[in-house]
Amino acid sequence: MKQEKSNDVDLYLRRTPKLLRDLMIEVRAIIWMTIPDVEETIKFTVPFYSRQGLLCYLSPLKKKDGIYIGFAKGYLMSDESGIFTGKNLKQIRHIEFRKSSDIKKKMLREYLEEAMMLNELKRDIFLFK
């Protein structure tokens, strides 16, 4: 069952500068296309996406010259493309986008699917204990 997009996230996006908003809207669409039943909310002041646990979130880069998608369990992900940043963080890994052409849709969908699979595996492990 498809969830409704969050009005809180819509409000957040309306208040975001145009460059960042456009990038976030594009990545948001890929998240929804990849995981139609994802739950969307504002947590820790940014858009968060959950399905059987936290998956990812969108946030402006510190210099506000782009955005990143942060994967909650990024430290467990394979990062086959070698594009993760944030490797100094304990669990989260990022993919940065400064312009629309930085967003590789197929690759991003693969990363989202892996994040979703990790949440499903975690749930299955607890079900069988």
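Residue by residue through region 40-84, note down the ones that are on the phi < 0 side of the Ramachandran plot, of a type in the set (S, T, N, Q) and part of a loop (DSSP other than H, G, I, E, B).
Hits for region 40-84 are Ser78, Ser81.
Taking Arg28 as meeting all but one of (1) surrounded by fewer than 17 Cβ atoms within 10 Å (Cβ to Cβ); (2) under 15 Å from Val9 (Cβ atoms); (3) of a type in the set (Lys, Arg), write down the number of the exception.
With respect to (1) surrounded by fewer than 17 Cβ atoms within 10 Å (Cβ to Cβ); (2) under 15 Å from Val9 (Cβ atoms); (3) of a type in the set (Lys, Arg), Arg28 is out only on (1).
Going by what's in this entry, would Leu121 be described as part of a helix (DSSP H, G or I) and either over 13 Å from the mean Cα position of the chain (by Cα) or modelled with pLDDT of 95 or more (or both)?
Here the answer is yes, as Leu121 does meet what is asked.
Could you say whether any residue in region 68-82 is among the β-branched types (Val, Ile, Thr) and over 10 Å from the mean Cα position of the chain (by Cα)? Before you say what the answer is, go through the steps one by one.
Residues of region 68-82 that are among the β-branched types (Val, Ile, Thr), as a first pass: 69.
With the extra rule that they be over 10 Å from the mean Cα position of the chain (by Cα), the set shrinks to none.
Checking region 68-82: not a single residue is among the β-branched types (Val, Ile, Thr) and over 10 Å from the mean Cα position of the chain (by Cα).
Picking from Asp8, Asp22, Asp37, which residue would you name as being acidic (Asp, Glu), surrounded by fewer than 18 Cβ atoms within 10 Å (Cβ to Cβ), in a loop (DSSP other than H, G, I, E, B) and touching a residue at least 24 places away in the same chain (Cβ under 8 Å)?
Only one candidate passes the filter, namely Asp37.
Residue-by-condition table, conditions (1) closer than 20 Å to Arg109 by Cα; (2) in contact with a Lys or Arg (Cβ under 7 Å, 6 or more places away or on another chain):
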| residue | (1), (2) |
| --- | --- |
| Val9 | no, no |
| Asp22 | yes, no |
| Val38 | yes, yes |
| Ile42 | no, no |
| Tyr49 | yes, no |
| Gly53 | yes, yes |
| Leu61 | no, no |
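Please go through region 87-112 and give me each residue that is closer than 14 Å to Pro60 by Cα and part of a loop (DSSP other than H, G, I, E, B), ordered by number.
Matches in region 87-112: Arg98, Lys99.
Of the numbered conditions (1) part of a helix (DSSP H, G or I); (2) in contact with a helix residue (DSSP H, G or I) (Cβ under 8 Å, 6 or more places away or on another chain); (3) under 21 Å from Met117 (Cα atoms); (4) among the aliphatic types (A, V, I, L, M), Ala29 satisfies every one except a single condition; which is it?
For Ala29, the exception is condition (2).
Which one is modelled with the lowest pLDDT among residues in region 28-50 that are within 12 Å of Pro60 (Cβ to Cβ) and among the β-branched types (Val, Ile, Thr)?
Restricting to residues being within 12 Å of Pro60 (Cβ to Cβ) and among the β-branched types (Val, Ile, Thr), the top hit is Thr45.
Being touching a strand residue (DSSP E or B) at 6+ places or on another chain (Cβ under 8 Å) and among the acidic types (Asp, Glu) narrows it down to one residue among Glu80, Glu40; which is it?
After ruling out the rest, the residue left standing is Glu40.
Could you check Thr85 against (1) surrounded by fewer than 18 Cβ atoms within 10 Å (Cβ to Cβ); (2) β-branched (Val, Ile, Thr); (3) within 21 Å of Trp32 (Cβ to Cβ) and say which number it fails?
(3)
Mind listing whichever residues of region 19-61 are basic (Lys, Arg) and either farther than 18 Å from Ser100 by Cα or in contact with a Gly (Cβ under 7 Å, 6 or more places away or on another chain) (or both)?
Once the filter is applied, which keeps residues that are basic (Lys, Arg) and either farther than 18 Å from Ser100 by Cα or in contact with a Gly (Cβ under 7 Å, 6 or more places away or on another chain) (or both), region 19-61 yields Lys43, Arg51.
The values are calculated or read from the model by the stated rules, or taken from the named source; none is laboratory data. All of these numbers come straight from a predicted model, not from anything done at the bench. Virtual Cβ from ideal backbone geometry, glycine too; neighbours counted across all protein chains shown.
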